[in-house]
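The values are calculated or read from the model by the stated rules, or taken from the named source; none is laboratory data. The shown structure was predicted, so the numbers you read here are calculated from the model rather than taken from an experiment. We place every Cβ from the backbone using ideal geometry, glycine too, and count neighbours over all the protein chains shown. Heads up: the accessible areas ignore ligands, DNA and RNA and are worked out on the full protein's heavy atoms, side chains in. Shrake-Rupley method; radii C 1.70, N 1.55, O 1.52, S 1.80 Å.
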Amino acid sequence: MIKYLDLKDITALHKDEINAAVTRVVNGGWYLQGAANDDFCQKFAAYIGTRHCVGCGNGLDALTLILRAYKEMGVLKDGDEVIVPANTYIATILAITGNRLKPVLVEPRWDTFQIDDSLIEQAITPRTRAIMIVHLYGRCAYTELIGDICRRHNLKLIEDNAQAHGCTHGGRRTGSLGDAAAHSFYPGKNLGALGDAGAVTTDDAELAEMVRSLGNYGSERKYVFSHIGVNSRLDEIQAAVLAVKLPYLDHENERRRGHALYYIRYINNPAVSVPTEDYWQENVFHIFPLMSPHRDELMQYLQDNGVQTAIHYPIPPHKQQAYAAWSAMSLPITERIHREELSLPISPTLTDGERQKVVELINGFVPSRV
Ligand SMILES: *Cc1c(COP(=O)(O)O)cnc(C)c1O
């Protein structure tokens with residue numbers, strides 16, 4: 001069976017270094033907010049290209065803490081609007097509604113699956129305060145037009161970089177393109193921990209300190225609480241693991257990009273549509289998305305022939321029961337993506353032989369109806 005993603009294999013690539021790093025933390029006797037956290041955050045900020053990095057519990061918390069911090073700083077108020085791509089993962093939306101802000105869902109482009117920048121300006125109202133872009137599937141969502149709109153309308157630009165660690169735009173990394181960025185190190189992400197972990201990167205010192213305080217019970221000094229905070233910290237073991245894996249990230253992303261180019265060049269079945277070589281630019285391929293009106297049948301056929309695939313995602317946020325009030329909204333491109341998307345195996349541990357088998361199978365697929 002060719003697995004969609006084998007985390008055991010990925011961890012095994014760095015097993016000895018990871019074991020040594022974890023053992024150092026275990027033997028050191030200091031498990032939170034210590035040297036490993038400082039070390040990783042400093043390295044990650046340098047890698048992304050921002051002045052500050054603050055570790056936190058997970059990616060959702062990173063998103064939530066950024067918005068929360070802007071509220072404490074008086075930049076955002078209850079009911080303010082945040083523009084966001086309609087086809088994002090639910091966490092982006094949860095962070096907005098969880099802060100009593102209003103998500104304004106904007107359709108993606110069919111060719112890049114990223115927020116359609118030509119639709120953003122018409123979504124701006126007097127309550128709009130921020131745009132949250134999501135570098136979905138590992139593809140850069142930032143465009144010069146988005147930067148320009150934020151400057152002209154005085155909007156904060158927040159990046160959800162959970163899926164795009166290492167992606168670059170004009171020589172700068174995603175996570176350094178806006179005012180603040182949220183990162184998830186969920187095990188399956190391009191840079192994954194061995195459990196939950198997340199971080200915020202920013203050049204804004206005030207924002208960084210507010211996020212740090214809010215994630216530590218709202219405290220800047222021990223037992224003195226200036227804000228109503230939460231507990232969301234990056235633990236020492238996860239930080240040590242991430243510091244081991246970070247130097248290999250670019251190499252592993254190159255391996256993903258190699259698989260993607262192979263799929264783009266060699267899949268040629270008219271029953272599926274494959275992204276273009278243009279889509280391949282500015283992309284670290286957290287996910288390789290195929291689109292097909294025969295998606296479910298194709299998925300079953302691949303499964304029957306020993307290839308595991310995944311769907312990102314089967315139901316868009318506005319059709320989820322959690323947001324039942326939005327169910328009448330019509331977002332045809334988003335809905336089509338959720339109907340047709342199929343993610344192929346693209347792990348850095350996938351072999352050349354395995355990706356060849358995936359292509360041969362897809363090219364041999366004949367849908368039962370036309
Ligand atoms: C994974 C993910 C998150 C949430 O990260 P967690 O660490 O699982 O909380 C947020 N946004 C996007 C786009 C993601 O893919």
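Data overview
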| item | result |
| --- | --- |
| Filtered residues of the range 90-110 (kept if part of a loop (DSSP other than H, G, I, E, B) and either touching a helix residue (DSSP H, G or I) at 6+ places or on another chain (Cβ under 7 Å) or crowded, with 19+ Cβ neighbours inside 10 Å (or both)) | ASN99, LEU101, GLU107, TRP110 |
| Of all residues making up the range 70-89, the number that are more than 17 Å from LEU155 (Cβ to Cβ) and open to solvent by 10 Å² or more (accessible area, probe 1.4 Å) | 3 |
| Residue, nearest to THR351 (Cα to Cα), within the range 255-274, restricted to residues that are in contact with a Ser or Thr (Cβ under 8 Å, 6 or more places away or on another chain) and in a loop (DSSP other than H, G, I, E, B) | VAL272 |
| Test: LYS8 is within 21 Å of LEU234 (Cα to Cα) and open to solvent by 30 Å² or more (accessible area, probe 1.4 Å) | no |
| Number of positions in the range 35-48 that are open to solvent by 50 Å² or more (accessible area, probe 1.4 Å) and either within 16 Å of the ligand (Cβ to nearest atom) or hydrophobic (A, V, I, L, M, F, W, C) (or both) | 2 |
| The lone exception for LEU32 - which of (1) within 15 Å of the ligand (Cβ to nearest atom); (2) surrounded by fewer than 16 Cβ atoms within 10 Å (Cβ to Cβ) it fails | (1) |
| Verdict on LEU194 being at negative phi, within 15 Å of the ligand (Cβ to nearest atom) and more than 14 Å from the chain's Cα centre (by Cα) | yes |
| Considering residues of the range 130-148 that are in contact with a helix residue (DSSP H, G or I) (Cβ under 8 Å, 6 or more places away or on another chain) and buried (at least 20 other Cβ atoms within 10 Å of the Cβ) only, the residue farthest from HIS259 (Cα to Cα) | ALA130 |
| Counted residues, the range 14-29 - those being free of Cβ contacts under 8 Å to residues at least 40 places away in the same chain and surrounded by 16 or more Cβ atoms within 10 Å (Cβ to Cβ) | 0 |
| Residue within the range 51-68 that is farther than 30 Å from PRO247 by Cβ and away from the ligand (no atom under 12 Å from the Cβ) present | yes |
| Pairs where the first residue, in the range 169-195, is more than 16 Å from ALA62 (Cβ to Cβ) and the second is in a loop (DSSP other than H, G, I, E, B) and open to solvent by less than 10 Å² (accessible area, probe 1.4 Å), C-beta under 6 Å, 6+ apart | HIS169/CYS140 |
| Some residue of the range 205-215 being open to solvent by 50 Å² or more (accessible area, probe 1.4 Å) and more than 22 Å from PHE40 (Cα to Cα) | no |
| Top-ranked residue in the range 102-126 [being in contact (Cβ under 8 Å) with a residue 24 or more places away in the chain, away from the ligand (no atom under 16 Å from the Cβ) and of a type in the set (A, V, I, L, M, F, W, C); ranked as farthest from GLU335 (Cα to Cα)] | ILE124 |
| Those residues of the range 322-344 which are assigned to a helix (DSSP H, G or I) and closer than 30 Å to TYR301 by Cα, in sequence order | PRO332, ILE333, THR334, GLU335, ARG336, ILE337, HIS338, ARG339, GLU340 |
| Complete set of residues in the range 49-69 that are surrounded by 24 or more Cβ atoms within 10 Å (Cβ to Cβ) and closer than 20 Å to ILE146 by Cα | LEU63, ILE66, LEU67 |
| Test: residue in the range 165-179 that is near the ligand (Cβ under 10 Å from one of its atoms) and within 10 Å of the chain's Cα centre (by Cα) | no |
| Hits in the range 295-334 - residues which are buried (at least 16 other Cβ atoms within 10 Å of the Cβ), closer than 19 Å to ALA271 by Cα and without any contact (Cβ under 8 Å) to a residue 40 or more places away in the chain | ILE311 |
| Members of the range 149-164 found to be within 16 Å of the ligand (Cβ to nearest atom) and open to solvent by 60 Å² or more (accessible area, probe 1.4 Å), listed by number | none |
